[in-house]
Amino acid sequence: MAITGRFVLLALLGLAPLVLFPSWTTVLMIVGVLLLVVVIDLLLAASPAKVGLTRQPLESVTLEHQVDSVVTITNASGRTLRAVVRDAWQPSAGARASTHRLVIPPGERRRMSVTLVPRRRGDLESPHVTIRSHGPLHLAARQRTRPLPGRLRVLPPFHSKRHLPSKLRKLRELDGKAAVQIRGAGTEFDSLRDYVRGDDVRSIDWRATARRTSVVVRTWRPERDRRVVIVLDTSRTAAARIDDEPRLDTGIEAALLLAVLAERGGDRVDFLAYDRMLRARVESAAKGNLLGQLVQAMAPLEAELIELDWQQIPGQVRAVSAHRSLVVLLTALDGGDPADGLLPVVARLVQQHVVVVASVRDPLLTAMKEERATASQVFRAAAAERTLLERAAVTAQLRQLGAEVVDADPLDVPPLLADTYIRLKAAGRL
């Protein structure tokens, strides 16, 4: 039960007779009238328990795009339903006008639409709907919360797709050298053509030349149908906020851009999200849409406040591909002691695979390093300088092991990682 502002005003009006006739009899009469009116109003209100509720299923939506959640309310009671209905979406769903006033005659139904503009990636829920049914006098209401589960999956925004056209253009230029293809652009045989001055004599196909009256050379193209294994770190270091975005979200953007680019380049892509257990996996997709599968798998990912089990990473990669692959580790270069985790694992992986380590660098470190006006700023500058030197040392060690390293600001990591993939492909290292 709930009372309304009208009941409060009516109670205040009841003070006038009390002032004119101050006695206990007047008080009892006023209280009795108020209780009688409230009971009559409640009895005439439609029962919330007899209201039918159905919710339309919601499709997935990209972050910051809007979608409408529609609930159908059916009045199965014999009285007119005068109700305030609230769809209880969690705050991060960004519900606009989640409370509606409805008047539904007996046996009829109405639809209530709530616009959602989600502000967080993942699965958002509305566990119930609250109905407050008023009587005809609107003095009191009967209220009940009814379970009506609703779920909305919010997909990653994929802002880095703006880089995709330029990166695909580079891939087409790499793969479409046609008459000027030379050895070094790849090691996968493409076709035969007549020899022209300047061609590498090592590319001459002597058997084909013997069958013809002119010299014939082989042409080569970048390798296709290679394996690209992307491993996303979802441990505690992924929870750090850099440029008002978790490191995990930047890793998702970089993984999406690289995966789509590699698929368009003719390679097979596998994605793993791992900390101490496998959180998500997308296998090489000959069937279905790779981008759709990736965003669905990445949407519910959250950073876990535990340490990454580095010793399991080689086994996870081996379970995906036992052959030479491009292994991309999206992790942090400043989490714990790299000598105990990252470096030994990279040393094992480079024996069989081409390894790229991609990490997000906090641009605040560079700004802190330059600010030295006060004593506190000098101490912060020293701490920032030490952090940057430690990252540079880890980067140098990784490169000595034979791994490629991408260490950049959040907006630069996805395109730089894509450029590294194109460069490795052009060099025939995949």
* Rounded Å value of the spacing that divides the Cα centres of region 8-75 and region 103-176 -> 28
* **Theoretical gain in end-to-end length, Leu411 to Leu278 [0.36 nm per residue, Cα-Cα removed]** => 45.2 nm
* Structure fact -> Reduced to Cα centres, the span from region 248-289 to region 352-420 in Å works out to 24
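Tell me the per residue accessible area of the chain using a 1.4 Å probe; a whole number in Å² is fine. Intermediate values should be presented prior to the final figure.
Working: 22290 Å² over 430 residues.
In whole numbers, the chain has 52 Å² accessible per residue.
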* **Most fluctuating residue given options Leu349, Leu192, Leu258, as computed from a GNM of the chain linking Cα atoms under 10 Å** => Leu192
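Any chance you could count the Lys pairs in the chain whose alpha carbons are under 20 Å apart, treating pairs 8 or more apart or on different chains as valid?
Here the count comes out as 5.
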* Asked: Once every DSSP H run of n ≥ 4 in the chain is given -39500 (n - 2.57) and the sum is divided by its residues, what mean residue ellipticity at 222 nm do you get, rounded to the nearest 500 deg cm²/dmol?
  -> -10500 deg cm²/dmol
* Val19 - accessible surface, heavy atoms, 1.4 Å probe, Å² rounded to 10 -> 120
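Quick one: with all protein chains in place, what share of the accessible area of region 289-373 is carbon or sulfur, to the nearest percent (1.4 Å probe)? Kindly include the intermediate steps, with their values, before the conclusion.
Values: 1880 of 3810 Å².
So the carbon and sulfur contribution to the accessible surface is 49 percent.
Quick one: in region 1-141, what % of C-alpha pairs are over 23 Å apart?
Of all Cα-Cα distances in region 1-141, 50 percent exceed 23 Å.
Please give the length that would be gained between Ser376 and Leu44 if that part of the chain were fully extended, namely 0.36 nm times their separation in residues minus their C-alpha to C-alpha distance (nm, one decimal). Intermediate results must be reported in sequence, preceding the final value.
Details: separation 332, 0.36 × 332 = 119.52 nm, distance 6.94 nm.
Full extension from Ser376 to Leu44 adds 112.6 nm.
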* Asked: When the accessible area of region 1-51 is split by element with a 1.4 Å probe, what percent falls to carbon and sulfur?
  -> 84
* To do: Go through (1) 1.22; (2) 1.72; (3) 0.99 and flag the label whose value is the computed Rg/Rh (Cα atoms, Kirkwood Rh) for this structure.
  => (1)
* Once you sort the root eigenvalues of the Cα gyration tensor of region 283-430 as a ≥ b ≥ c, which label holds: rounded (a/c under 1.5), prolate (a/b larger than b/c) or oblate (the other case)? -> prolate
* Assuming a viscosity of 1.002 mPa s and a temperature of 20 °C, what translational diffusion coefficient in µm² per second does Stokes-Einstein assign to region 300-347, Rh being the Kirkwood radius over Cα pairs? -> 175
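Under a 1.4 angstrom probe, counting protein chains only, how are Trp206, Trp89, Trp24, Trp310 ranked by accessible area, largest first? Write down the numbers at each step before the final one.
Numbers: Trp206 170, Trp89 15, Trp24 200, Trp310 40 Å².
Final ranking, largest accessible area leading: Trp24, Trp206, Trp310, Trp89.
The values are calculated or read from the model by the stated rules, or taken from the named source; none is laboratory data. Source: prediction; values computed, not measured. Remember, those area values only see protein heavy atoms, side chains included, never the ligands or the DNA or RNA. Shrake-Rupley method; radii C 1.70, N 1.55, O 1.52, S 1.80 Å.
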